[in-house]
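The values are calculated or read from the model by the stated rules, or taken from the named source; none is laboratory data. Nothing here was measured: the structure is a model prediction, and the numbers come from that model. Using ideal geometry, Cβ is built from the backbone for each residue, glycine included, and neighbour counts are taken over all protein chains shown. Keep in mind that these areas ignore ligands, DNA and RNA; they rest on the heavy atoms of the full protein, side chains included. Shrake-Rupley method; radii C 1.70, N 1.55, O 1.52, S 1.80 Å.
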Amino acid sequence: MTGGFRLLSHTADLGIESWGPDLGGALAQAVRAFGVVLAGEGAGRVAEERRVGLTGDDEEALLVALLQEALYLLEAEGWLTVGAALSIDDAGALTGVLLGEPFDEVRHAEGHAVKAVTWHGLLVEHGAKGVRVEVFLDV
Amino acid sequence: MKPLHLPPSATHRLDRWRVRIEPIHEAMRGPGIAFASDRLWPAMQADETATQIAAVACLPGLVGASLAMPDAHQGYGFPIGGVAATDAAGEGVISPGGVGFDINCGVRLLVANRAAGKLKRRKEALLAAIFARVPVGVGHGGGLELSARDMEAVLARGAAWAVAQGYGEDGDLECCEAGGAMREADPEHVSERARARGASQLGTLGSGNHFVELQAVDQIFDATAAAAMGLEEGGLTALVHTGSRGLGHQVCTDHVAALQQATKRYGFDLPDRQLACAPLSSPEGRAYLGAMAASANFAWANRQLITHALRQALAEVLGDDAHFRLVYDLAHNVAKLERHQVGGRERLLCVHRKGATRAFPAGHPEVPERYRAVGQPVFIPGSMGTASYVLVGTPEALTETWGSVCHGAGRARSRTATRKRLDARQVLAALAAKDIAVQAGSQRGLVEEAPEAYKDVDEVVETVVGAGLARRVARLRPIAVIKG
C-alpha cells in the first residue's frame, strides 16, 4: 500500500483519514494531512527538520500524541509541521523527524486554527495491505 | 464499550418541543431529552447527536437526564449543545469532554451610550479600529505577553486581574458569570505546555466561529428586562465570542489523556474515549476541576482585555465620551458546581454545559443585583449575517435543564460541504446586500462561517422559549463583524 490521506467532513470540525504500508507510514501521512489543515493546501514547505520521540498507551494514543506535538510546535514555537519520517519499534515507541518551516502569517493564512486533537472516532486499523488511521480535530 | 446504536424505536416525541430517548442500553443511567422542534429533530437523528445524547447518559453518577439544547449537533463524546449533571457529593464524575477543548468559550455583550445610527459612515472606521487592536486568525500569539508571575495571577484571578491591571472598570466584574473567576481554580494543574501556548494569546480572538460583532438593537420584546440591561431600540451593541485559546485547549488535551487510564482504573466502560472521566472526589477529578476553572479564568481575562480594546476603539472613532458598558458575560463550555433541587431536596451537582449557556431565573442569588428582578441575561448569537437574541432565564429552566439553554444557532453543515457550495465573493455579496461590513482573518474562514452553514436561530430561540426555558428580551441585528 502506498501512502496517502484525505480530509473527512464533520459537522463542526475536521477529520483525517490516512494510510501507509505500516503504522509509521500511516502516521507520517496523518502529519502531512495535518499540515494541510494548519496551513492550507500546498502552502507548507519543508525547510527544516526536528527530531521527535513519543510513546503512548496504545497506537491510538500515539496518533493523538503525534498530532498534538505538531500543534504544540505551531502554537508555542511558531513552527509548522508539514511532513514526517517515522518508525515505531516493537515496544510501541515512535521516533523520527518532523519536517516543516517557521509559520508564515501571510502564506499560511488560509489554514485552520485547530484547537486540539480529539479522542472521538479514533481508528488504527491493520490490514493485509497496510495500516489505516482516522482521527478528528476540534477546529 | 463499542459506540452505541440508537434504533428509531428508542425515541419518541413528548410534546412540540421535547423528544425523549429511552435508556434502552444497560449502560445508560438515565434517559435523554432533546429540546427540539419537528424542524430541528431530523438533523439530530441524521448526524450522531442523538447517539451522543445516549452516550452521555452512561456517565457514572448522572442525575436526571442527558440533555440536548435545540442548537445541538454532533460533537465528540458530548454533542455540542449537551448538558449533563452528575452527583458532586457522591460518586459523580467530571468529564473534560463535557466542557470541551475551548474551556469557557463564551460570549459577552456590551452596550454603547450611542445609537447605532450615529455610526453611519464611521462603521468601517470602527471596525478597522477594533481589527487593529484585537489580533485574530491562525498562528500563535499577538496578544499580551504574560510573565510566569502574571500567568499565575491570571489563572487564579481571571477578569479581576485584568481589571486591576487597568483593562476594565468598576461594575465589569459584577456583570460576569462567577464574577469573572471560578474559586475552584488551581493553577498547579495547568501544565507548562498549556502556559506556553497561552503565554502570548491574552487579548486575542482566535479563529473559526469566534467573532466580534457590532449590532443595532432591532426589537424589544420585554421592556422591563431591556431597560435593566440598558438596551433600547436602535442602540449600538457589541457581542464578543471567544474563549481560553491555546491554554484551555491544552489543559483539556492534557487531562483527557490523563483520564484515559483513570477511566479504566475506576472501572468505567464508556462508548467514546472522549467521555474519559473520573470521580469528582478523586485526585484526577479534582485536578481537572482545578485546571478547568483556572482555564475558565484565563478566558474571562481574555474577554476583559478584548473589551478594553473595544472601548478604546469606540472612543477613537466616536469621541472620548463614547463608551461601552458590559451587560453580561457568560460561559458556554464549562462545568460548574451548583446546588439544585432534586426530588424535593437540595443537592450539589456538577453541571456540564458543552455548548450550552447558564440561564438562571429572577430571584436567583447568583444573578447580579441589577438583574435580579428580571432574570439572568442570556445571549444567543445567530450566524454571521443573522440576528442574535437577548433572553432571560426562567424557573422552568432551573427545573428541567439545571438552568441551561442553548448557546447559538448551532452548526448544520460541515465546513467542507459549505466550501463546496459557496465562495468568499458570494458570502461577501450577501453580507453587503444587508449593509453588514466585514473584516475576516481568512477567506476560507469567512466561507465556512456563512449563515447557510448554521441552523435557523429563530427556530432555535422559538424552541427554548416555547419549552419555557427562557423569555425573549431583545433581538439584535448585525451591522459589522470581525471573524477570525
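Within 14 Å of another protein chain (Cβ to nearest Cβ) and either in a strand (DSSP E or B) or open to solvent by 10 Å² or more (accessible area, probe 1.4 Å) (or both), is that true of residue B:261? Break it down stepwise before answering.
Values: within 14 Å of another protein chain (Cβ to nearest Cβ): yes; either in a strand (DSSP E or B) or open to solvent by 10 Å² or more (accessible area, probe 1.4 Å) (or both): yes.
Yes, satisfied.
Anything in the range B:282-335 that is of a type in the set (Phe, Trp, Tyr) and not in a helix (DSSP H, G or I)? List them, or say none. Reasoning before the result, please.
Here is the first cut: in the range B:282-335, the ones of a type in the set (Phe, Trp, Tyr) are B:288, B:298, B:300, B:324, B:328.
The answer is B:324, B:328.
What are the residues in the range B:107-136 that are in a strand (DSSP E or B), farther than 30 Å from residue B:294 by Cβ and not hydrophobic (A, V, I, L, M, F, W, C), if any?
Selection gives B:113, B:114.
Looking at B:84, B:50, B:36, B:57, which one is in contact with a strand residue (DSSP E or B) (Cβ under 7 Å, 6 or more places away or on another chain) and over 29 Å from residue B:278 (Cβ atoms)? Outline the logic, then answer.
Values: B:84 fails: over 29 Å from residue B:278 (Cβ atoms); B:50 fails: over 29 Å from residue B:278 (Cβ atoms); B:57 fails: over 29 Å from residue B:278 (Cβ atoms).
Sole residue among the options that is in contact with a strand residue (DSSP E or B) (Cβ under 7 Å, 6 or more places away or on another chain) and over 29 Å from residue B:278 (Cβ atoms): B:36.
How many of the residues in the range A:73-110 are within 14 Å of another protein chain (Cβ to nearest Cβ) and of a type in the set (S, T, N, Q)?
Within the range A:73-110, residues that are within 14 Å of another protein chain (Cβ to nearest Cβ) and of a type in the set (S, T, N, Q) number 1.
Looking at the range A:51-69, can you tell me whether even one residue there is under 18 Å from residue B:257 (Cβ atoms), among the polar types (S, T, N, Q), touching a Ser or Thr at 6+ places or on another chain (Cβ under 7 Å) and within 7 Å of chain B (Cβ to nearest Cβ)? Step through it out loud before you land on a result.
Within the range A:51-69, the subset under 18 Å from residue B:257 (Cβ atoms) is A:52-69.
Retained after the next criterion (residues that are among the polar types (S, T, N, Q)): A:55, A:68.
Restricting the remaining residues to those that are touching a Ser or Thr at 6+ places or on another chain (Cβ under 7 Å) gives A:68.
Right, trim to within 7 Å of chain B (Cβ to nearest Cβ) and you get A:68.
Yes, there is a match, as at least one residue in the range A:51-69 is under 18 Å from residue B:257 (Cβ atoms), among the polar types (S, T, N, Q), touching a Ser or Thr at 6+ places or on another chain (Cβ under 7 Å) and within 7 Å of chain B (Cβ to nearest Cβ).
Of the numbered conditions (1) of a type in the set (Ser, Thr, Tyr); (2) surrounded by fewer than 18 Cβ atoms within 10 Å (Cβ to Cβ); (3) away from chain B (no Cβ under 14 Å), residue A:18 fails exactly one; give the number of that condition.
Residue A:18 satisfies every listed condition except (2).
Tell me, please, whether a residue that is surrounded by 15 or more Cβ atoms within 10 Å (Cβ to Cβ), more than 14 Å from chain B (Cβ to nearest Cβ), on the phi < 0 side of the Ramachandran plot and outside any loop (DSSP other than H, G, I, E, B) can be found in the range A:32-39. Full working, then the answer.
First, pick out the residues of the range A:32-39 that are surrounded by 15 or more Cβ atoms within 10 Å (Cβ to Cβ): A:32-39.
From what is left, the residues that are more than 14 Å from chain B (Cβ to nearest Cβ) are A:32.
After this cut, where a residue has to be on the phi < 0 side of the Ramachandran plot as well, the list is A:32.
Those left that are additionally outside any loop (DSSP other than H, G, I, E, B): A:32.
Looking through the range A:32-39, at least one residue is surrounded by 15 or more Cβ atoms within 10 Å (Cβ to Cβ), more than 14 Å from chain B (Cβ to nearest Cβ), on the phi < 0 side of the Ramachandran plot and outside any loop (DSSP other than H, G, I, E, B).
Of these, B:311, B:325, B:303, B:286, which one is open to solvent by less than 20 Å² (accessible area, probe 1.4 Å) and either modelled with pLDDT of 95 or more or more than 21 Å from residue B:481 (Cβ to Cβ) (or both)? Steps first, answer last, please.
Details: B:311 fails: open to solvent by less than 20 Å² (accessible area, probe 1.4 Å); B:325 fails: open to solvent by less than 20 Å² (accessible area, probe 1.4 Å); B:286 fails: open to solvent by less than 20 Å² (accessible area, probe 1.4 Å).
It is B:303.
Only one residue in B:224, B:242, B:237 is of a type in the set (Ser, Thr, Tyr) and within 14 Å of chain A (Cβ to nearest Cβ). Which one?
B:242
Within the range B:68-86, is there a residue that is more than 14 Å from every other protein chain (Cβ to nearest Cβ) and among the charged types (D, E, K, R)? Spell out the reasoning first.
Keep residues of the range B:68-86 that are more than 14 Å from every other protein chain (Cβ to nearest Cβ), which gives B:69-70, B:83-86.
The next check asks that each one be among the charged types (D, E, K, R); those that pass are none.
No, the range B:68-86 contains no residue that is more than 14 Å from every other protein chain (Cβ to nearest Cβ) and among the charged types (D, E, K, R).
State whether the residues of the range B:270-281 include one that is part of a helix (DSSP H, G or I), open to solvent by 20 Å² or more (accessible area, probe 1.4 Å) and in contact with a Ser or Thr (Cβ under 9 Å, 6 or more places away or on another chain). Steps first, please.
In the first step, residues of the range B:270-281 are kept if they are part of a helix (DSSP H, G or I); the result is B:273-275.
Restricting the remaining residues to those that are open to solvent by 20 Å² or more (accessible area, probe 1.4 Å) gives B:273.
This time we only want the ones that are in contact with a Ser or Thr (Cβ under 9 Å, 6 or more places away or on another chain), so: B:273.
Yes; the residues of the range B:270-281 include at least one that is part of a helix (DSSP H, G or I), open to solvent by 20 Å² or more (accessible area, probe 1.4 Å) and in contact with a Ser or Thr (Cβ under 9 Å, 6 or more places away or on another chain).
Mind listing whichever residues of the range B:76-101 are part of a strand (DSSP E or B) and more than 14 Å from the chain's Cα centre (by Cα)? Before you say what the answer is, go through the steps one by one.
Start the filter on the range B:76-101 by keeping residues that are part of a strand (DSSP E or B), which leaves B:76, B:78-87, B:93-94.
Hits for the range B:76-101 are B:76, B:78, B:84, B:85, B:86, B:87, B:93, B:94.
Do you know which residues across the range B:153-199 are basic (Lys, Arg) and open to solvent by 20 Å² or more (accessible area, probe 1.4 Å)?
B:157, B:183, B:193, B:195, listed by residue number.
Can you pull out every residue in the range A:55-87 that is over 12 Å from the mean Cα position of the chain (by Cα), surrounded by 20 or more Cβ atoms within 10 Å (Cβ to Cβ) and in contact (Cβ under 8 Å) with a residue 24 or more places away in the chain?
Those that are over 12 Å from the mean Cα position of the chain (by Cα), surrounded by 20 or more Cβ atoms within 10 Å (Cβ to Cβ) and in contact (Cβ under 8 Å) with a residue 24 or more places away in the chain: A:59, A:74.
Taking only the range B:179-221 into account, find how many residues are away from chain A (no Cβ under 14 Å) and free of Cβ contacts under 8 Å to residues at least 40 places away in the same chain.
Count: 1.
Just checking, how many residues over the range B:36-65 are under 18 Å from residue B:18 (Cα atoms) and touching a Leu at 6+ places or on another chain (Cβ under 8 Å)?
Residues in the range B:36-65 being under 18 Å from residue B:18 (Cα atoms) and touching a Leu at 6+ places or on another chain (Cβ under 8 Å): 5 in total.
Only one of (1) crowded, with 23+ Cβ neighbours inside 10 Å; (2) over 21 Å from the mean Cα position of the chain (by Cα); (3) assigned to a strand (DSSP E or B) fails for residue B:67. Which number is that?
Status for residue B:67: all satisfied but (2).
Can you tell me which residues in the range B:439-484 are charged (D, E, K, R) and within 21 Å of residue B:404 (Cα to Cα)?
From the range B:439-484, those charged (D, E, K, R) are B:444, B:448-449, B:452, B:455-456, B:458-459, B:462, B:471-472, B:475, B:477, B:483; that's our starting set.
Of everything in the range B:439-484, those that are charged (D, E, K, R) and within 21 Å of residue B:404 (Cα to Cα) turn out to be B:455, B:456, B:458, B:459, B:462, B:471, B:472, B:475.
Go through the residues of the range B:21-33 one by one and say whether even a single one is assigned to a strand (DSSP E or B) and open to solvent by less than 20 Å² (accessible area, probe 1.4 Å).
Quick first cut of the range B:21-33, residues assigned to a strand (DSSP E or B) only: B:21, B:32-33.
When the remaining residues are screened for being open to solvent by less than 20 Å² (accessible area, probe 1.4 Å), the result is B:21, B:32.
Within the range B:21-33 (the criterion being assigned to a strand (DSSP E or B) and open to solvent by less than 20 Å² (accessible area, probe 1.4 Å)), the answer is yes, since at least one residue qualifies.
Here are B:243, B:234: which of them is touching a helix residue (DSSP H, G or I) at 6+ places or on another chain (Cβ under 8 Å) and farther than 26 Å from residue B:159 by Cα? Please lay out each step first, then the result.
Details: B:243 fails: farther than 26 Å from residue B:159 by Cα.
From the options B:243, B:234, the qualifying one is B:234.
So how many residues does the range B:442-478 have that are farther than 21 Å from residue B:34 by Cα, modelled with pLDDT under 95 and either more than 21 Å from the chain's Cα centre (by Cα) or among the β-branched types (Val, Ile, Thr) (or both)?
Counting residues in the range B:442-478 that are farther than 21 Å from residue B:34 by Cα, modelled with pLDDT under 95 and either more than 21 Å from the chain's Cα centre (by Cα) or among the β-branched types (Val, Ile, Thr) (or both) gives 4.
Of everything in the range A:111-139 that's among the small types (Gly, Ala, Ser) and within 14 Å of another protein chain (Cβ to nearest Cβ), which residue is surrounded by the fewest Cβ atoms within 10 Å (Cβ to Cβ)?
The selected residue is A:121.
Here's the yes/no breakdown for (1) over 10 Å from residue B:476 (Cα atoms); (2) in contact with a Pro (Cβ under 9 Å, 6 or more places away or on another chain); (3) assigned to a helix (DSSP H, G or I):
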residue	(1), (2), (3)
B:214	no, yes, no
B:217	no, no, no
B:236	no, no, no
B:240	yes, no, no
B:248	yes, no, yes
B:251	yes, yes, yes
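Name every residue in the range A:88-100 that is open to solvent by 10 Å² or more (accessible area, probe 1.4 Å) and either among the hydrophobic types (A, V, I, L, M, F, W, C) or in contact with a Lys or Arg (Cβ under 6 Å, 6 or more places away or on another chain) (or both), in order of residue number.
A:88, A:91, A:93, A:97, A:99
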